[in-house]
Amino acid sequence: MKIDTFSAAAARLLKPDLRGIRNRLLRDSWYRRFHLAYARWRARHGGLPDWAALQPQAGLGPVRPPLTEGAKRVLIATGTAGHLPSMTMESLLGMALAVRGVGVDFLLCDAALPACMMCEISWYSDVDRLVKHGPKDRCVTCYRPSAEMLDRAGLNAIGLNSKLTDADRSKAKAISMQTPQSEIAAYEEDGIPIGEHAVAGALRFFSRGDLEKVSGAEPILRRYLEAALLTYYGTRRLLGEGQYDGVVLNHGIYVPQGIISETARHLGVRVVTWHPAYRRGCFIFNHHETYHHGLMNEPVSSWENMCWNGMQQEQITQYLRSRWVGQQDWVKFHNQPEFDTHSIQQEIGIDFRRPTIGLLTNVIWDAQLHYKANAFPNMVDWLIKTIAYFEKRSDLQLLIRVHPAELTGTLPSRQPVLDEIRHHFPDLPANVFIIPPESKASTYVAMSHCNAVLIYGTKMGVELSAIGIPVVVAGEAWIRGKGVTMDATSEENYLHLLDALPLPEKLDDTTIERAQKYAYHFFFRRMIPLDCIKERKGWPPFAVHIDSLNDLAPGKSSGLDIVCNGIIAGTPFIYPAEDLMGGPQTGERREN
């Protein structure tokens with residue numbers, strides 16, 4: 001018997017909602033003050049590295065050597081100093097670059113912006129509070145602890161306010177208030193897509209893929225437009241004065257990082273972005289743009305001719321299997337997934353003996369920001385049109401797996417996929433089945449029973465094709481263009497690909513091997529292990545893991561050398577795992 005998947009979503013409302021309780025508490029001034037005080041305390045007591053304690057000779061001499069003539073100069077544009085993972089990682093990069101004789105400056109927002117990525121709907125559930133007062137309460141916890149940490153480390157921090165004039169502030173305020181809302185998304189200055197990043201900031205704030213019918217959306221959007229303009233004016237002035245050889249920053253999207261990245265590229269300054277990877281202890285670095293786009297644009301020549309033998313094949317096979325439980329990862333969405341096929345069938349009411357096509361969603365707001373449109377204008381449009389197609393294909397079952405990160409992600413979605421489906425299909429077609437985001441059903445087990453799987457932007461396309469499951473790509477997923485998937489180029493082409501389903505067989509051995517090579521490149525070569533970072537419980541999720549600054553010197557860590565060389569000289573951020581077979585062994589070191 002097929003269950004009512006929508007009632008499962010409704011049932012969540014009856015369970016204790018810890019996030020909701022927290023949001024209600026945040027409306028109370030006493031709790032907000034307590035939370036802010038704790039955040040300041042945490043930043044100063046274990047939340048940030050104590051670099052002064054890691055000098056080769058504690059208390060003697062400068063933390064970093066004096067710069068030589070002609071030394072490279074790098075701006076580490078953290079921006080949101082209260083984001084402790086960014087400050088931890090980027091202060092590590094700053095110290096490692098300084099040890100290599102590079103001149104390093106940090107750019108931090110010192111309460112200069114009326115909105116930024118530190119503003120989230122979970123904190124400002126009372127949106128009117130942010131509209132009326134701005135984020136000044138968060139700014140108190142954000143800038144000073146990180147600036148003090150950098151000062152103790154001997155690293156120079158530049159406040160964004162110092163690069164802004166009263167004229168800049170007046171201009172940004174006037175533009176943000178006078179620009180018609182319908183024209184904000186397309187607003188540009190000097191070719192910089194200011195409005196695009198302002199919209200991205202507002203979408204992230206509301207955790208939605210669009211702002212239609214969202215209460216309070218317009219004033220929040222205008223705050224992000226003003227913030228984006230101020231970021232542009234200050235960054236343009238700083239980069240014009242500083243003669244930097246490169247800019248390093250987290251992610252490279254949102255406000256302020258997206259604007260900083262755009263401005264640097266506009267002025268001809270090299271950009272390096274980074275982000276924690278899926279594998280534990282690993283990070284992804286990318287030249288020029290965020291890794292979301294960089295991995296799509298990366299030429300196949302960077303991996304298709306790599307060394308490949310049975311050892312690499314076994315390594316990627318074992319790792320992909322470990323992802324079923326996240327054993328080697330620090331990004332996972334279920335602690336105890338359900339692997340029993342019979343239990344999964346009973347839960348969702350499907351019969352895997354019948355031909356089944358899988359469909360994997362992304363979080364709607366995430367897909368909207370990270371993956372540009374291809375065959376469809378957005379993920380929701382693709383999803384609804386796919387269900388409409390299968391409504392007429394009674395010979396096939398469509399199994400939709402809603403991404404668990406809708407509930408368990410850092411920013412839970414406020415535009416659930418189930419709501420979008422219910423809006424368009426009050427009565428779900430009899431041959432369409434849904435695994436809701438809270439379900440423990442293993443995505444891997446469910447998709448392994450499918451003839452083919454349809455995706456928009458999920459990285460699961462990399463994993464599924466590597467185990468022989470045919471994948472149809474409708475959006476800008478990383479597996480697109482790698483020669484192993486069926487890539488839709490238009491809506492008409494996508495529907496033509498669906499007409500060919502079910503497929504007569506799984507992927508052939510040659511295609512599987514090519515998919516495995518790309519998966520190896522993706523998980524083991526682009527994800528660079530840093531043994532000077534250690535996972536930890538709590539916030540931030542990782543910490544510096546060295547005995548002294550000598551551990552950051554060239555030759556001590558192959559991963560760190562690749563990262564620093566890439567930042568300094570522009571060399572590829574590719575870790576030669578096929579030669580090192582797992583990389584250096586990590587010894588026991590103390591955590592800071």
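The values are calculated or read from the model by the stated rules, or taken from the named source; none is laboratory data. Everything numeric here is computed off the predicted structure, so don't read it as measured data. Here Cβ is always computed from backbone atoms with ideal geometry, including for glycine, and neighbour counts include all displayed protein chains.
Yes/no matrix, rows are residues, columns are (1) surrounded by fewer than 22 Cβ atoms within 10 Å (Cβ to Cβ); (2) more than 14 Å from Leu107 (Cα to Cα); (3) in contact with a strand residue (DSSP E or B) (Cβ under 7 Å, 6 or more places away or on another chain); (4) polar (S, T, N, Q):
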{"residue": "Gly246", "(1), (2), (3), (4)": "no, no, yes, no"}
{"residue": "Asn250", "(1), (2), (3), (4)": "no, no, yes, yes"}
{"residue": "Tyr254", "(1), (2), (3), (4)": "no, yes, no, no"}
{"residue": "Ile260", "(1), (2), (3), (4)": "no, no, yes, no"}
{"residue": "Thr263", "(1), (2), (3), (4)": "no, no, yes, yes"}
{"residue": "Arg270", "(1), (2), (3), (4)": "yes, yes, yes, no"}
Discussion item. Every residue in region 301-337 that is modelled with pLDDT of 95 or more and β-branched (Val, Ile, Thr), please.
Written reply: Ile316, Thr317
Worksheet, complete the sentence: Screening Gly240, Gly154 for residues that are farther than 26 Å from Pro276 by Cα and of a type in the set (Gly, Ala, Ser) leaves only Gly240
Item to complete: Only residues that are in a loop (DSSP other than H, G, I, E, B), of a type in the set (A, V, I, L, M, F, W, C) and within 23 Å of Arg279 (Cβ to Cβ): list them for region 452-494, please.
Response: Ile467, Ile469, Ala477, Trp478, Ile479, Val484
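Filter region 561-592 down to residues that are among the hydrophobic types (A, V, I, L, M, F, W, C), at pLDDT 95 or above and either at positive phi or within 21 Å of the chain's Cα centre (by Cα) (or both), then give me how many there are.
Start the filter on region 561-592 by keeping residues that are among the hydrophobic types (A, V, I, L, M, F, W, C), which leaves 562-564, 567-569, 573-574, 577, 580-581.
If we keep only those that are at pLDDT 95 or above as well, we get 562-564, 567-569, 573-574.
In the following step, the residues that additionally are either at positive phi or within 21 Å of the chain's Cα centre (by Cα) (or both) were identified as 563, 567, 573-574.
Residues flagged as among the hydrophobic types (A, V, I, L, M, F, W, C), at pLDDT 95 or above and either at positive phi or within 21 Å of the chain's Cα centre (by Cα) (or both) within region 561-592 amount to 4.
Considering only region 365-451, give the helices (runs of 4 or more DSSP H) lying wholly within it that have at least 2 residues that are farther than 28 Å from Ser343 by Cα and in contact with a Phe, Trp or Tyr (Cβ under 8 Å, 6 or more places away or on another chain). Outline the logic, then answer.
On the way: elements: 379-391, 405-408, 417-424, 443-448.
Hits in region 365-451: 379-391.
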Worksheet entry | Single residue of region 297-323 satisfying the filter (hydrophobic (A, V, I, L, M, F, W, C) and assigned to a helix (DSSP H, G or I)) that is surrounded by the fewest Cβ atoms within 10 Å (Cβ to Cβ) | Met311
Worksheet entry | Unmet criterion (only one of (1) farther than 21 Å from Arg237 by Cβ; (2) surrounded by 16 or more Cβ atoms within 10 Å (Cβ to Cβ); (3) of a type in the set (Lys, Arg)) for Lys163 | (1)
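When only residues in region 489-515 that are without any contact (Cβ under 8 Å) to a residue 40 or more places away in the chain and closer than 12 Å to Val471 by Cα count, which is surrounded by the fewest Cβ atoms within 10 Å (Cβ to Cβ)?
We begin by selecting, within region 489-515, every residue without any contact (Cβ under 8 Å) to a residue 40 or more places away in the chain; these are 492, 496-497, 499-500, 504-506, 508-510.
If we keep only those that are closer than 12 Å to Val471 by Cα as well, we get 497, 506.
On the way: Leu497: 18, Lys506: 13.
Ranking the candidates gives Lys506 first.
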Practice prompt. Keeping to region 263-295, report how many residues are at pLDDT 95 or above and part of a helix (DSSP H, G or I).
Written response: 4
Discussion item. Which numbered condition in (1) assigned to a helix (DSSP H, G or I); (2) farther than 21 Å from Met379 by Cβ is the only one that Leu203 fails?
Written reply: (2)
Worksheet item: Could you list, in sequence order, the residues of region 173-208 that are of a type in the set (Asp, Glu) and either within 20 Å of the chain's Cα centre (by Cα) or under 18 Å from Leu113 (Cβ atoms) (or both)?
Response: Glu189, Glu196
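Can you name every one of the helices (runs of 4 or more DSSP H) wholly within region 39-158 that holds 3 or more residues which are at pLDDT 90 or above and within 27 Å of Leu239 (Cα to Cα)?
Working: elements: 84-99, 127-133, 136-153.
Filter on region 39-158 gives 84-99, 136-153.
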Response to the item:
Residue pairs within 6 Å by beta carbon, gap of at least six or interchain, first lying in region 167-189 and over 11 Å from Leu225 (Cα atoms), second aromatic (Phe, Trp, Tyr) and buried (at least 18 other Cβ atoms within 10 Å of the Cβ), listed first then second, are Asp168/Tyr233
Item to complete: Please indicate, with yes or no, whether at least one residue in region 539-555 is in contact with a strand residue (DSSP E or B) (Cβ under 8 Å, 6 or more places away or on another chain), at pLDDT 95 or above and either part of a helix (DSSP H, G or I) or loosely packed, with under 15 Cβ neighbours inside 10 Å (or both).
Response: no
